[in-house]
1. Determine which lysines satisfy two conditions relative to K138: a Cα distance under 25 Å, and not lying fewer than 8 residues away in the same chain.
2. What lysines does K205 reach when the alpha-carbon gap must be under 16 Å and sequence neighbours fewer than 8 apart in one chain are set aside?
3. Can you sort E82, E188, E54 by 1.4 Å-probe accessible area, starting with the largest?
4. Report the accessible area of R44, computed with a 1.4 Å probe over the heavy atoms of all protein chains in place, in Å² rounded to the nearest 10.
5. In the stretch 86-175, what GluC sites (Glu not before Pro) fall in a loop by DSSP, with at most 16 other Cβ atoms inside 10 Å?
6. Counting only protein heavy atoms and a 1.4 Å probe, tell me what percentage of the stretch 24-159's accessible area is made up of carbon and sulfur.
7. Cα-based Rg of the stretch 151-224 per 2.2 N^0.38 Å, rounded to two decimals?
8. Which of rounded, prolate or oblate describes the stretch 16-87 when judged by the alpha-carbon gyration tensor and an a/c cut-off of 1.5?
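The values are calculated or read from the model by the stated rules, or taken from the named source; none is laboratory data. Just so you know, these numbers come straight off a predicted model, no measurement behind them. Methodologically, a virtual Cβ is constructed for each residue, glycine included, from the backbone with ideal geometry; neighbour enumeration extends over all protein chains shown. Calculation scope for accessible area: heavy atoms of the full protein, side chains included, ligands and nucleic acids excluded. Shrake-Rupley method; radii C 1.70, N 1.55, O 1.52, S 1.80 Å.
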Amino acid sequence: MKEMARLAVFNMFKTKDDLTGEAVRQRAIISILSSRENPIEKTRTGIAKLIAKEQKIAWKNIYSGIFGDLDKVLIPIGVVEEHGRLPLKRGPKALQEKGIPYYHLTRSGLLVALAVSRAGNQARLLERFFADATLEEKPFVKSIMSLQGVTPSLIHSILEKYVRAFCDSKFDDLLPFDPTRLKNIHDESLMIQKEILQAFMTLSKRDRTEAIKFLDGITQDERAKH
């Protein structure tokens with residue numbers, strides 16, 4: 001039986017603590033499709049050129065990798081889908097008639113984008129994702145959007161762990177989005193975050209201020225990097 005394609009956005013080299021080339025490419029594709037509006041930039045060639053410009057390499061050197069990531073992984077597993085076709089004025093007649101496909105993220109793709117990016121568009125992507133929430137997902141919307149407003153890092157952590165669990169074959173489908181699936185996956189960091197949130201609610205205003213000052217002194221604000 002042919003093995004099902006798996007999302008590689010969290011794949012690491014076994015010998016060093018770095019993302020594999022496949023993981024970097026897939027993250028870049030997802031980032032472009034989540035942030036770009038121009039259809040030309042969302043074709044295979046457009047995506048390759050944007051990534052190549054960022055990496056300061058020739059776009060033709062990575063085109064085949066982009067082609068493979070889209071056609072063999074991201075499209076088959078339902079993270080990306082064709083969104084339309086751009087007409088061609090030159091080239092083979094058959095290709096002119098069919099046009100060049102450009103792509104966008106599905107709802108599953110938006111979820112992956114939220115898991116792999118900490119850019120400032122997290123709130124906007126969440127709103128896009130929940131705009132088409134199913135009946136099964138609606139009970140989680142208010143809580144997640146409320147927490148997003150006050151602790152976006154916690155929401156990013158939850159979404160990252162959710163998509164990572166999917167990549168690790170803990171469950172077969174990203175949708176419907178059901179964060180309670182994480183209940184069966186032991187994760188000490190989530191327990192710590194829950195404890196902190198619960199404890200913070202019991203502190204006086206003065207103690208909360210002191211706690212924030214203490215944490216400011218030992219942590220780096222990730223948002224300041226973007």
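1. K161, K170, K183, K194
2. K213
3. E54, E188, E82
4. Probe radius 1.4 Å; accessible area of R44 about 40 Å².
5. Hits after loop and neighbour filter: E136.
6. 55 percent
7. 1.36
8. oblate
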